[in-house]
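Okay, structure first, notes after.
The values are calculated or read from the model by the stated rules, or taken from the named source; none is laboratory data. Note that the structure is predicted; figures quoted are calculated from it, not measured. Because the Cβ atoms are built from the backbone with ideal geometry, glycine has one as well, and the counts that use them run over all protein chains shown. Side chains included, ligands, DNA and RNA excluded: accessible areas come from the protein's heavy atoms. Shrake-Rupley method; radii C 1.70, N 1.55, O 1.52, S 1.80 Å.
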Amino acid sequence: MRTYKIFLLMAIAALSVCATNPVTNKYLLSKDYTVTILGTSNLHNWNETVATVSGDGSVTWNEDGTFDLNTINLKMDVHSIKSDMGSIMNNNTYKALKADNNPEIIFVLAIPDKAIKANSAATTVSVKGTLTIAGKTQPIEMQVKISMQGHNLLSFTGSQTIKMTDYGISPPTALLGTLKTGDEITIQFKTNFVLTTN
């Protein structure tokens, strides 16, 4: 009888710990993303699309219904970038981004965001991370809209303007130097992360 009571107390204690511990889930980037690079030139505006992106993240769900965004990692394949100006601009972009030696643009969340309200309406949070382009890493802070569907899907939408020269990049040119791109570009993104079964 004494053994039974001890076992019962241990079981209750274990259940209590499980009930109060936050749950951490892992997420993977789904294929329905869009990442676009917008820029200017002395002739006209231009845009490029990043065709291949991979990523993952982790979220801790809190008892009060909020969640902590612990990690986000994104990798963009430089050679998958396609310009609306055709192959000449594509090649100039790869050259400017030093794609052979630095084939990926990488974003990593540097500081977790705590107690984000979990709802289907978009919540804007300040996301602090690092962005690596052409082998150079810089800190970056973005205003990102986060929305969710249950615990199964997290969506991130936003845009960020950066200067290419901050990353040691010479703005690409085209048409024998007739077209000269501006230093500032804007990266627009819409990404969905799906809960993994692991």
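Annotations for the structure displayed:
- Just checking the listed ones, Leu74, Leu179, Leu97: in the Gaussian network model of the chain with Cα springs under 10 Å, the one fluctuating most is Leu179.
- One entry in (i) 23.1, 83; (ii) 16.0, 50; (iii) 22.0, 91 is Rg and Dmax of the Cα atoms in Å calculated from the shown coordinates; its label is (iii).
- With helices as the sole contributors, the chain gives -5000 deg cm²/dmol at 222 nm; each DSSP H run of n ≥ 4 counts as -39500 (n - 2.57), and the sum is divided by every residue.
- The chain - percent of accessible surface contributed by carbon and sulfur, probe 1.4 Å: 56 percent
- Accessible surface, the chain, averaged per residue in Å² (probe 1.4 Å): 57 Å²
- Alpha-carbon centroid distance for the pair the stretch 117-175 / the stretch 72-91, whole angstrom: 16 Å
- The mean sequence separation of alpha-carbon pairs under 8 Å and at least six residues apart, normalised by the residue count of the chain, gives a relative contact order of 23 percent.
- For the stretch 114-198, the extents of the C-alpha atoms along the principal axes are 52, 27, 24 Å, listed from largest to smallest.
- Highest-first arrangement of 130-136, 188-194, where packing means the average Cβ count within 10 Å: 188-194, 130-136
- With 23 Å as the limit on Cα-Cα distance, the pairs of Lys95/Lys180; Lys82/Lys128; Lys117/Lys163; Lys31/Lys98; Lys26/Lys82; Lys117/Lys190 that go past it are Lys82/Lys128; Lys117/Lys163; Lys31/Lys98; Lys26/Lys82.
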